[in-house]
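Written below as structure tokens is the structure these notes are about.
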Ligand code: ADP
């Protein structure tokens with residue numbers, strides 16, 4: 001059974017992430033979506049909130065596990081009996097960062113491969129930050145995030161303004 005791990009902040013999950021998950025499921029038997037915290041960034045949503053949004057948004061797909069991890073990603077991937085890390089690529093701007101990370105991971109453990117899934121054209125400019133900014137100013141997010149995320153964003157930002 002080939003398991004791949006898709007790590008990210010998912011703060012919150014967008015339809016760009018969901019598209020990557022669905023396409024990864026066509027290649028691998030199982031995808032573990034692993035919520036991790038970016039040490040340089042304070043998340044908007046708690047781990048529990050991000051977990052709930054991901055679970056609800058993927059509830060119709062089989063062979064997905066939603067989890068969170070802390071510590072070294074490579075150790076986590078091994079703990080899931082996997083050798084594959086999935087990452088998404090949008091524009092060239094993602095490339096430098098992803099290239100550096102993938103190479104560094106390979107230096108540390110050359111048994112683990114990073115596989116990149118190219119974004120769907122529709123989601124090239126979609127990321128979690130832009131979605132939060134739009135929600136903060138009351139914009140509709142039709143087609144950009146799952147329904148539960150739209151609701152949670154509304155709750156989060158309506159209470160604050
Ligand atoms: P991180 O903070 O680890 O980059 P993100 O949640 O922002 O976490 O992203 C997780 C992964 O999903 C990254 O590889 C990112 O490039 C990818 N990703 C994010 N948005 C999209 C999108 N719209 N299309 C394709 N891949 C995406």
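Coordinate-derived values only; no laboratory data. Treat the numbers as computed from the prediction; the structure is a model and nothing was measured. Note: ideal-geometry Cβ built from the backbone for every residue, glycine included; neighbour counts use all protein chains shown.
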*asked:* Using only Cα atoms and rounding to the nearest 10 degrees, what angle (0 to 90) does helix 92-108 make with the longest principal axis of the chain?
replied: 40 degrees
*So what's the angle, to the nearest 10 degrees on a 0 to 90 scale, between helix 147-158 and the longest Cα principal axis of the chain?*
60 degrees
*Would you mind computing, in nm to one decimal, how far apart the modelled labels at residue 38 and residue 139 are, each placed 7 Å from Cα along Cα→Cβ?*
1.8 nm
*So what is the diffusion coefficient of the chain in µm² per second by Stokes-Einstein at 37 °C and 0.692 mPa s, using a Kirkwood Rh over Cα pairs?*
202 µm²/s
*Please give the calculated 222 nm ellipticity per residue for the chain, where each DSSP H segment of at least 4 residues contributes -39500 (n - 2.57) and the sum is spread over every residue; nearest 500 deg cm²/dmol?*
-13000 deg cm²/dmol
*Candidates 11, 110, 67, ranked by Gaussian network fluctuation over the chain, Cα under 10 Å, top entry*: 110
_As I understand it, the value is the acute angle between the Cα axis of helix 47-57 and the longest principal axis of the Cα atoms of the chain; what does it come to in degrees, rounded to 10?_
90 degrees
*Report the FRET efficiency, 1/(1 + (r/R0)^6), for residue 65 and residue 125, where r is their Cβ-Cβ distance and R0 is 30 Å, rounded to 0.05.*
0.55
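State, as an integer percentage, the relative contact order of the range 3-124 based on alpha-carbon contacts under 8 Å between residues 6 or more apart.
On the way: 173 pairs, mean separation 38.4, N = 122.
Taking the mean separation of contacting Cα pairs over the length of the range 3-124, I get 31 percent.
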*Modelled label-to-label distance, residue 111 and residue 97, 7 Å Cα→beta-carbon offset: nm?*
3.0 nm
*In the Gaussian network model of the chain, springs joining C-alpha atoms below 10 Å, which of 77, 33, 107 carries the largest mean-square fluctuation?*
107
